[in-house]
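Student: Just dropping this structure here.
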Amino acid sequence: MQAVKRVTGRMLPLDRADVDTDQIIPKQFLKRIERTGFGPFLFYDWRQAEDFVLNRPEHDGASVLVTGANFGCGSSREHAPWAIRDAGFRAIVAPTYADIFKANCYKTGLLAVTLPDSQVRHLMDLALEDPSAQVTVDLEKQEVRGDGFAYRFEIDAFARENMLGGLDEIGLVERHQSSISTYEAQRSAWLPAVK
Amino acid sequence: MPSTLGQKLWDSHIVRTAPGEPDLLYVDLHLVHEVTSPQAFEGLRLAGRHVRRPDLTLATMDHNVPTRGGARAADDLSRKQMDVLAENCRREGIPLHQIGSRRQGIVHVIGPELGLTQPGMLIVCGDSHTSTHGAFGALAFGIGTSEVELVLATQCLPQTRARDLAVTVEGDLPLGVTAKDVVLGLIGRTGISFGQGHLVEYRGSTMRGLSMEGRMTLCNMSIEWGAKAGMVSPDDTTYAYLERRPHAPRGAAWDLAVDYWRSLATDVDAVFDHEILLDATRLEPHVTWGTNPGQVAPVTGRVPEPLTDTDVRALRYMDLRPGTALADIAIDRVFIGSCTNARLEDLRAASKVIAGKHVHPKVRAMVVPGSATVKRAAEDEGLDAIFKAAGFEWRNAGCSMCLGMNPDILAPGERCASTSNRNFEGRQGAGGRTHLMSPPMAAAAAVTGHLVDVRELL
Ligand code: SF4
């Protein structure tokens with residue numbers, strides 16, 4: 001994973017709650033065996049409507065997705081954060097996320113940060129009123145800031161460290177080789193093996 | 001200290017714990033399928049890593065397999081995805097239940113039927129419905145592809161401890177009401193995100209009375225209200241289901257295992273962070289009317305007035321008007337299948353409703369058994385004959401129209417009575433409209449051509 005410290009850019013206001021991963025990236029695009037190339041299919045069905053926010057030229061090039069509660073519910077497909085990243089987004093701001101989606105974002109280096117409803121509402125309105133408004137999502141300082149405001153966010157400390165350092169999580173776990181072997185040695189003999 | 005089932009399962013899998021870090025948990029069984037694994041295997045290969053415990057890893061093909069016309073997938077990309085899984089399994093020595101093999105099926109159906117899913121285990125899979133396995137008193141949850149890679153490489157997963165939530169359901173289920181109605185009724189009450197960050201234990205007399213199939217249906221849909229995992233304490237029903245399954249312990253090992261499994265139940269004095277109480281005796285058969293599983297009502301009800309923007313959009317997508325009686329909604333398709341409701345008991349329950357009747361002339365209905373094993377068992381009982389005589393298509397095992405990655409999809413605008421778990425926009429095919437319900441309810445809808453209270457047909 002590439003290290004990520006802060007993201008500055010314009011916002012895409014996706015003013016909907018409970019956006020599920022089937023909408024983020026529909027199933028017909030899950031057949032790729034690569035981690036890339038999903039961007040053009042982000043919100044594929046919703047994009048068919050001309051006035052869908054992602055189609056509006058004033059939001060071209062936005063890199064911060066601002067959206068409603070429970071974002072990313074449903075399927076565990078990591079293709080969802082891959083598609084969001086691939087389409088140029090580097091951060092998401094929402095009141096809450098589905099658990100698996102949030103974990104997937106962290107592994108992908110996509111800054112999924114949580115702010116209270118009222119602050120997300122402010123960002124949403126700002127993006128709608130002035131699509132050129134810039135915000136910075138700062139992982140180091142744990143704040144989302146813009147012209148005249150700075151909102152503090154909380155984030156899992158371990159996930160934060162990993163993203164800031166661009167750490168290879170597998171490498172981190174492999175350091176505990178001896179603990180893993182010790183655990184394995186004391187597993188109950190009746191536990192099933194597949195072969 | 002008194003502890004819950006969920007925390008006991010958690011504690012017994014800790015490889016390493018350190019302040020300020022997530023716990024490192026050991027995975028007893030890692031299930032793999034063709035859609036969420038290729039990038040993980042590729043990551044391993046690029047880093048020169050190998051699968052640490054191929055003997056604790058099991059692969060199956062389910063998501064995009066065709067359900068008729070032999071083992072050849074309809075499109076090149078699906079074929080490629082299946083070929084890549086076969087190649088990855090061969091290279092890493094992972095057992096694979098290929099399409100066409102005797103044991104192939106939906107990943108959450110085959111684990112339990114092989115006896116690989118056992119109480120006390122930690123089970124993961126790159127699939128959100130992994131919570132199904134919690135029905136056995138296992139800690140089971142879905143993970144993303146990067147985590148699949150991590151588990152393949154290390155057999156471990158760093159996890160931040162989740163909180164405890166009890167759902168206590170008391171009383172006997174009335175006639176025509178199933179485990180599916182319990183969970184739909186629950187989600188209707190809590191909404192689709194209440195469970196976030198929680199290990200849910202389903203308890204109470206209703207749970208004790210449910211079969212393993214019913215418990216699996218309930219645990220399966222835990223993710224539909226956001227829960228990290230859902231589980232039921234193991235009991236004699238669990239042991240009776242498991243005994244003599246291919247991978248279940250035998251002889252003295254069986255006795256040792258059962259002794260341990262009995263110790264897993266939540267201690268009497270243990271405290272949950274939350275508790276939700278449900279009265280099973282007042283439940284009715286449920287159907288969804290919207291585009292998420294929380295948009296649901298008893299079939300005796302009406303399409304509600306929209307309360308939120310999400311409701312307004314859902315009604316537009318579903319082409320429904322507030323006030324319409326749910327039982328007046330005509331359907332085009334019926335899908336009996338998925339990891340939620342395609343086990344033998346589900347097919348039996350549906351077949352009882354349609355025996356001697358016929359699918360409505362305007363409806364196209366199909367049954368997709370959850371596994372090749374379920375299919376054989378159903379055929380041995382003659383269920384296939386009942387379905388076929390009633391005008392149902394009888395297919396091979398797979399995920400099929402639960403998510404429509406194979407050719408089994410709804411056409412735009414088609415309306416489907418489905419036993420699956422997600423009614424999201426386009427889930428069963430772009431523009432398709434899904435109403436979730438139990439197998440008997442779907443069977444009743446097939447016969448009448450509209451959503452209907454199955455109790456009228458019993
Ligand atoms: S049946 Fe549906 S929900 Fe279950 S694993 Fe397959 S696609 Fe997922």
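Each reported figure results from applying straightforward, stated rules to the coordinates on display, with no laboratory input. On a predicted model such as this, the values are computed, not experimentally measured, just so you know. In this analysis, Cβ positions are derived from the backbone assuming ideal geometry, glycine residues included, and neighbour counts consider all displayed protein chains.
Student: From the P(r) of the protein assembly as shown, could you give the percentage of C-alpha pairs in the tail past 37 Å?
Tutor: That fraction is 32 percent.
Student: Then there is this: If I model a spin label at B:ARG376 and A:LEU164 as a point 7 Å from the Cα along the Cα→Cβ vector, what separation in nanometres do I get?
Tutor: 5.6 nm
Student: Could you tell me the calculated FRET efficiency between B:GLU456 and B:ARG282, based on Cβ-Cβ distance and R0 = 25 angstrom, to the nearest 0.05?
Tutor: 0.85
Student: Once the cut-off is 17 Å, how many percent of the Cα-Cα pairs in the range B:328-458 end up in the long-distance tail?
Tutor: 50 percent
Student: So how far, in whole Å, is the C-alpha centre of the range B:192-263 from the one of the range B:404-447?
Tutor: For the range B:192-263 versus the range B:404-447, the Cα centre distance is 28 Å.
Student: Please tell me the relative contact order of chain B in percent, rounded to the nearest whole number, where contacts are Cα pairs under 8 Å and at least six residues apart.
Tutor: Relative contact order, chain B: 17 percent.
Student: Within 10 Å of each candidate Cβ there may be at most 11 other Cβ atoms; applying that plus a DSSP loop requirement, which trypsin sites (Lys or Arg not before Pro) in the range B:334-372 survive?
Tutor: B:LYS362
Student: Any idea what the dipole of the protein assembly as shown comes to, in debye rounded to 20, about its Cα centre with Lys/Arg Cβ at +1 and Asp/Glu Cβ at -1?
Tutor: Magnitude of the dipole: close to 1480 debye.
Student: Let's see if you can work this out: charge +1 on each Lys and Arg Cβ, -1 on each Asp and Glu Cβ, no other charges. What is the dipole magnitude of chain B about its Cα centre, in debye to the nearest 20?
Tutor: 1060 debye
Student: So if each residue of separation counts as 0.36 nm, and I subtract the Cα-Cα distance between B:SER205 and B:ALA47, what length gain in nm does that give?
Tutor: 51.8 nm
Student: In addition: So what's the gap between the Cα centers of the range B:56-102 and the range B:264-298, to the nearest angstrom?
Tutor: 36 Å
Student: Continuing with this model, one more query. Under 29 Å between C-alpha atoms is the cut-off here; go through chain B and count lysine pairs that meet it, provided they're at least eight residues apart or on different chains.
Tutor: 17
Student: Have a look at the DSSP beta bridges in chain B and tell me what percent are antiparallel, nearest 5.
Tutor: Around 25 percent of the beta bridges assigned by DSSP in chain B are antiparallel ones.
Student: If you average the sequence gap of Cα pairs under 8 Å that are 6 or more apart and divide by the length of chain A, what percent do you get for the contact order?
Tutor: That works out to 26 percent.
Student: As a test, work out the antiparallel percent of DSSP beta bridges whose residues both lie in the protein assembly as shown, rounded to the nearest 5.
Tutor: 30 percent
Student: I'd like the per residue volume of the convex hull spanned by the Cα atoms of chain B, given in cubic angstrom.
Tutor: So the per-residue hull volume is 145 Å³.
Student: If you don't mind, another one. Of all the Cα-Cα pairs you can form in the range B:1-131, what percent are over 22 Å apart?
Tutor: Here the long-distance tail beyond 22 Å is 44 percent of all Cα pairs in the range B:1-131.
Student: Just add up the charged neighbours of A:PHE101: K/R +1, D/E -1, any other residue whose Cβ is under 10 Å from the Cβ of A:PHE101.
Tutor: Around A:PHE101, the charge tally is -1.
Student: Would you mind counting up the charge near B:GLY226? Only other residues with Cβ under 12 Å from its Cβ, with Lys and Arg at +1 and Asp and Glu at -1.
Tutor: -2
Student: Debye calculation, C-alpha points only, no solvent: report log10 I(q)/I(0) for the range B:99-209 at q = 0.13, 0.24 Å⁻¹, in the same order as the q values.
Tutor: Once normalised to I(0) and log-transformed, intensities are -0.62, -1.49.
Student: Label points 7 Å out from Cα along the Cβ direction at A:SER181 and B:ARG313: separation in nm?
Tutor: 5.3 nm
Student: Stretch B:ILE14-B:GLU275 to full length: gain in nm at 0.36 nm per residue minus the Cα-Cα span?
Tutor: 91.4 nm
Student: Same structure, new question: Considering only DSSP beta bridges where both residues belong to chain A, give the percentage that are antiparallel (nearest 5).
Tutor: 50 percent
Student: Using the Cα centre of chain B as origin and beta-carbon charges of +1 (Lys, Arg) and -1 (Asp, Glu), tell me which of B:ALA40, B:PHE272, B:SER3 is placed farthest towards the positive end of the dipole.
Tutor: Of the options given, the answer is B:ALA40.
Student: Moving to a separate point now. Counting each DSSP H run of 4 or more residues in the protein assembly as shown as -39500 (n - 2.57), what helix-only mean residue ellipticity at 222 nm follows after dividing by all residues, to the nearest 500 deg cm²/dmol?
Tutor: Rounded to the nearest 500, it is -9000 deg cm²/dmol.
Student: Just need the relative contact order of the range A:1-100 here, percent rounded to a whole number, with Cα pairs under 8 Å and 6+ apart.
Tutor: Relative contact order, the range A:1-100: 40 percent.
Student: Between the range A:1-68 and the range B:162-176, what is the separation of their alpha carbon centroids in Å?
Tutor: 38 Å
Student: Here's another thing I want to ask about it. Quick one: net charge around B:ARG208, please, counting Lys, Arg +1 and Asp, Glu -1 for every other residue with C-beta under 14 Å from its C-beta.
Tutor: Counting the neighbours of B:ARG208, the net charge comes to -3.
Student: Full-extension gain between B:ASP75 and B:ALA411, please, as 0.36 nm times their residue separation minus the C-alpha to C-alpha distance.
Tutor: 119.2 nm
Student: Moving on. For chain A, what is the convex hull volume of its Cα atoms per residue in Å³?
Tutor: Hull volume over Cα atoms, normalised by residue count, gives 145 Å³.
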